[in-house]
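Here's the structure we're looking at; comments come further down.
The values are calculated or read from the model by the stated rules, or taken from the named source; none is laboratory data. Every value quoted in this text rests on a predicted model; they were computed, and no experiment measured them. Please note: Cβ atoms are built from the backbone with ideal geometry, for glycine as well, and neighbour counts cover all protein chains shown. Quick note on the areas: whole protein, heavy atoms, side chains included, nothing else; ligands and nucleic acids left out. Shrake-Rupley method; radii C 1.70, N 1.55, O 1.52, S 1.80 Å.
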Amino acid sequence: MNDKQKKPQKLKARLPRGFVDRTAADIRAVNEMTAKIREVYEHYGFDPLETPLFEYTDALGKFLPDSDRPNEGVFSLQDDDEQWMSLRYDLTAPLARHVAENFNEIQLPYRTYRAGYVFRNEKPGPGRFRQFMQFDADTVGAPGVQADAEMCMMMADTLEALGIKRGDYVIRVNNRKVLDGVLEAIGLGGDDKAGQRLNVLRAIDKLDKFGPEGVALLLGPGRKDESGDFTKGAGLSGEQIDKVLFFVGIKDYAESAPRLAELVAGTSKGVEGVDELNFIGALVASAGYQSDRIKIDPSVVRGLEYYTGPVYEAELSFDVTNEKGEKVVFGSIGGGGRYDGLVSRFMGQPVPATGFSIGVSRLMTALKNLGKLGASDVIEPVLVTVMDGDVEAMGRYQKMTQQLRAAGIRAEMFQGNWKKFGNQLKYADRRGCPVAIIQGGDERATGVVQIKDLIEGKRLSGEIEDNASWREARVAQETVPEADLVAKVKEILAAQAEDRKRAGNGFEIPYDPAQAGDSDDDV
């Protein structure tokens, strides 16, 4: 028998499926983007709110558990008091809980915005993650559709503040009441038709994917896809299908409005919905938001079991190249609508609410495609190199680093193995450091430092052919008194900033400083 202990297995580093690590570049890009969104929301009079990542599971509305372990769609755990808690699925249900819990202290209408991560316990796939960030804005306690109109205008202003020009986006608006009126008009009203209505709504939601012909099959007998899989249809007649397709196929709302009004005539919800759409259209037009920015579009179907009135969607209309090299329209980056029933679940009384949510990661991808994001203004730190490891030398290096920081300059003292000086300069190059500070024993004895402009040095290195010329030229490196350290570094950084500015204005310069920040992490 072998008593020799088995060698413990090395733990395998692995990222959970459906989750991603965020790099410094991604974090800064998100911060840059959300700061601009936040500024627009603040200008509209909205205030921030933060709710916890966990909520009691029964507060999550349609995601209530229907089994012993409530993990359908949400990540859940049982607290020590045997109550189920879940990671929030969106930012709206926590807002509804917060409003209901603090209803007597909140001033209505309550206008708030929130940014944060939400979690979906769903199968991950390409571009589909289990954790992602949303940025929401909501108005609670405003029953009139003027609040919905304002949300659409704020969405448009937000996209333009992010640099998306008119013509590259549109806010599309519909009303759930109109759709309910159409369904009632074709004989699908009443509780006994609820299942069939839901099938119709799901079919309409596939319009962008399958086109009118595919939706017609889903509304009727059913549809077989390319793999041979069959999806059962809603079982509508030809006349019913024609009316539904007319509604979702409306391109010019003003032109089609009379026929739509005729279609829903006699249905109270339908008539009310058309009136609300017309009201929203008039409000946004009077505020200068024409149909190239905010458009009435009956094909918008969102939140099949969620929204109760106007619904809206922000759509980007420019082309991007997908992973297959195909040109595709970017599409939706967020949306929302009126959800008058959500807060009321807690209150036992009507509490109107409307709001929208931006998918931060998807919008960030869009902005990068447009070149509106990712060109970070963050300058990498000045590197104070380490030549000697004794207490006096280390004290001087640390003092220099703190002097630079006190002057508002991003700086770091090298913390790795200082005995191989070449590795320090390699580190500075890979890090994209703009300047290196060097002080050996000789410099320390005379009270001077060497300051190396790494950006200029990299440019000039391409113009010098041999090491002898390099040593003779002493390119982009100066020796200055310690007292002049901060002033000289500021001078060099200012010159580099001017080069970046010239490059941004289209002037040709021999070396692009942006390339100095390249590293393996960017690939």
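Relative to the longest principal axis of the Cα atoms of the chain, helix 253-264 runs at roughly 40 degrees.
Return the percentage of antiparallel bridges among DSSP beta bridges fully within the chain, rounded to the nearest 5 %. Could you put the intermediate results ahead of the total?
Values: 58 of 68 bridges.
Of all bridge pairs located within the chain, approximately 85 percent are antiparallel.
Given 0.36 nm per residue, what is the gain on full extension from Lys490 to Asp26 after removing their alpha carbon distance, in nm? Between Lys490 and Asp26, full extension yields 164.3 nm more.
Across the stretch 325-399, the relative contact order, built from alpha-carbon pairs under 8 Å that are at least six residues apart, equals 21 percent. Averaging Cα coordinates gives a centre for the stretch 482-502 and one for the stretch 245-281; these two points are 63 Å apart. For a quick check of understanding: with a 1.4 angstrom probe and all protein chains in place, what accessible area in square angstrom does Glu72 have, to the nearest ten? Here the accessible area works out near 130 Å². A Förster distance of 56 Å, applied to the separation of the beta-carbon atoms of Gln146 and Glu443, puts the FRET efficiency at 0.20. Working note: Karplus 6.51/-1.76/1.60 with θ = phi - 60° gives the stretch 102-114 the couplings 10, 4, 6, 9, 7, 8, 8, x, 9, 10, 9, 10, 9 Hz, where Gly and Pro are set to x. Looking at the stretch 239-275, the trypsin sites (Lys or Arg not before Pro) that sit in a DSSP loop and have at most 16 other Cβ atoms within 10 Å of their own Cβ are Lys251.
Against the chain, whose longest principal axis is taken from its Cα atoms, helix 238-248 shows a tilt of about 40°.
For the stretch 419-435, 3J(HN,Hα) computed residue by residue from phi via the Karplus equation (6.51, -1.76, 1.60; θ = phi - 60°) reads 6, 9, 4, x, 5, 5, 6, 5, 4, 4, 5, 5, 6, x, 5, x, 9 Hz, glycine and proline entered as x.
If you compute mean projected area of the Cα convex hull in nm² for the structure shown, which of (i) 30.6; (ii) 38.8; (iii) 23.3 do you land on? From the options (i) 30.6; (ii) 38.8; (iii) 23.3, the structure gives (ii). Look at where the Cα atoms of the stretch 142-215 and of the stretch 409-456 average out, and the two centres are 59 Å apart.
The angle between the Cα long axis of helix 92-101 and the longest principal axis of the Cα atoms of the chain comes to about 80 degrees, rounded to the nearest 10. Within the same chain, lysines fewer than 8 places from Lys501 are excluded, and of the rest, those with a Cα less than 17 Å from its Cα are Lys372, Lys490.
Report the charge-dipole magnitude of the stretch 142-196 in Debye, nearest 20, computed about the Cα centre from +1 at each Lys and Arg Cβ and -1 at each Asp and Glu Cβ. Walk me through the numbers on the way to the answer.
Values: 6 positive and 9 negative charges, 38 e Å.
The dipole magnitude comes to about 180 debye.
Computed FRET efficiency, Cβ-Cβ of Ala254 and Arg166, R0 22 Å: what is it to the nearest 0.05? E(calc), rounded to 0.05, equals 0.65.
For Lys10 and Asp58, calculate 0.36 nm times their separation in residues minus their Cα-Cα distance, and state this gained length in nm to one decimal.
Working: separation 48, 0.36 × 48 = 17.28 nm, distance 4.11 nm.
Here the answer is 13.2 nm.
Taking 19 Å as the straight-line reach from the Cα of Lys327, the aspartates and glutamates in range (excluding those fewer than 8 positions away in the same chain) are Asp168, Asp208, Glu315, Asp319. Whole-Hz Karplus values for the stretch 333-347 come out as 10, x, x, x, x, 8, 10, 5, x, 6, 5, 4, 4, 8, 9 Hz, taken residue by residue from phi with 6.51 cos²θ - 1.76 cosθ + 1.60 and θ = phi - 60°; glycine and proline positions read x.
Over 18 Å, how big is the tail of the calculated P(r) for the stretch 253-301, in percent of all Cα pairs?
On the way: 360 of 1176 pairs.
So the pairs more than 18 Å apart make up 31 percent of the total in the stretch 253-301.
Spatially close Lys pairs in the stretch 136-252, defined by Cα atoms under 30 Å apart and a spacing of eight or more places or different chains, total 29.
Scoring 45-56, 478-489 by mean Cβ neighbours within 10 Å over their residues and listing the highest first yields 478-489, 45-56. Principal axis extents of the Cα atoms in the stretch 142-197, from largest to smallest and rounded to whole angstrom, are 48, 27, 16.
Which of rounded, prolate, oblate describes the stretch 374-441, given a ≥ b ≥ c as roots of the alpha-carbon gyration tensor eigenvalues and a/c under 1.5 marking rounded, otherwise prolate only if a/b is larger than b/c? Oblate shape, in that a/c is at least 1.5 and b/c is the bigger or equal ratio. Which FRET efficiency value, to the nearest 0.05, do you get for Asn104 and Glu50 by plugging their Cβ-Cβ distance into 1/(1 + (r/R0)^6) with R0 = 22 Å? Plugging the Cβ-Cβ distance into 1/(1 + (r/R0)^6) gives 0.60. Which of rounded, prolate, oblate describes the stretch 213-337, given a ≥ b ≥ c as roots of the alpha-carbon gyration tensor eigenvalues and a/c under 1.5 marking rounded, otherwise prolate only if a/b is larger than b/c? Oblate, because a/c is 1.5 or more while a/b does not exceed b/c. Note on Ala282 and Glu392: the extension gain reaches 32.1 nm, defined as 0.36 nm multiplied by sequence separation minus the Cα-Cα distance. Hey, quick one: spin label on Gln290, modelled 7 Å out along Cα-Cβ, who in the stretch 234-253 has an amide N within reach, i.e. under 19 Å? Zone members listed by number: 251-253. Indicate the gyration tensor shape class of the stretch 84-218 (rounded, prolate or oblate), computed on the Cα atoms with a ≥ b ≥ c the square roots of the eigenvalues: a/c under 1.5 is rounded; otherwise a/b larger than b/c is prolate and the rest oblate. Here the stretch 84-218 falls in the rounded category.
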